[in-house]
Amino acid sequence: MLFRNSVKAELHHPIKINFFPAFSISLLLLAALFSEFSGASKALFYAGVTSQSIITLYVISAWISRDINIEHSNPAWFIPVAANLLIPALVPFDAPWTWFYFSFALFFYVVIFTLLFYRLIFHPSLESKFIPTLFIFIAPPSVAFLGYEKLARFDNFALILLNIAIFFALLLCFMYKKFLRLKFALSWWAFTFPLATFCLALLKAAHLRDFFTYAGLAVFGALCVFVFLCLVGTIKSVVKGTAFEA
């Protein structure tokens, strides 16, 4: 409200625009947090769904209408998609219409994944500050698994989604040297929410075999470490006045 011109500039920025769904994601998470309070939960949920619908349409129309270079693409493009996959996963009541959000979000996940994988393979590497966003590859299949399991049931397609998330987690572990060389930036927070969704997905599958329980607890431990490191790094950068440097 105080810096409207800055907000408008970010809405027209080819990269920063993809972070606006964090607002609606927060509302959906708060709806789940207050699930014991039916009125508050429904109000937050519908506010999250409404804002997410508007933001999704705005972002996708911006992708189509504006001149965007392939170098502008990065895994943060998954955020507008993953936010819609959260809707069926976090709905606090029985709502078959959430299949709508699951359906088109899963479709766009495949489209955006194809574009991003092409960009990562055939174009210059991501800048170091964007490398943590590679962890976002874990989030969409993890959230899709949670949403599908709630909408339908735990079947082979649910396992396919979970195994896709497991594969990307293993791939990122295999690439650990790429992350050890990074200097702290606010983009490090991209390590956290994909690990959180992956942890939830593994623990949701814990009834199948003990492996998922142990793996989920291990990921939760890693998540706690990353949150602590990001929190310390953010506080230090705020004190130094370097937190929001481009």
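Since every read-out is calculated from the coordinates, none of them should be taken as a lab result. These numbers come from a predicted model, not from an experiment. Every residue, glycine as well, gets a Cβ built from its backbone with ideal geometry; the counts of neighbours run over all protein chains shown.
List the pairs from LYS177/LYS204; LYS129/LYS236; LYS129/LYS177 whose alpha-carbon separation is above 19 Å, in the order I gave them.
Too far apart for the 19 Å limit: LYS177/LYS204.
What's the local net charge at ALA243, with K and R +1, D and E -1, over the other residues with C-beta under 15 Å away?
+3
Assuming a ≥ b ≥ c are the square roots of the Cα gyration tensor eigenvalues, decide whether the chain counts as rounded (a/c under 1.5), prolate (otherwise, with a/b larger than b/c) or oblate.
Because its axes are fairly even, with a/c under 1.5, the chain counts as rounded.
Students often forget the sequence filter, so: which aspartates and glutamates lie under 17 Å Cα-Cα from LYS42 once same-chain residues fewer than 8 apart are removed?
Within the straight-line cut-off, LYS42 pairs with ASP94.
May I have the convex hull volume per residue, in Å³, for the Cα set of region 109-231?
Output value, Cα hull per residue: 109 Å³.
Run the reach check for LYS8 against lysines, Cα to Cα strictly under 22 Å, same-chain hits fewer than 8 apart removed. What comes back?
Cross-link targets: LYS16.
Under 19 Å between alpha carbons, and skipping anything fewer than 8 positions from LYS183 in its own chain: which aspartates and glutamates qualify?
Filter leaves GLU127, GLU245.
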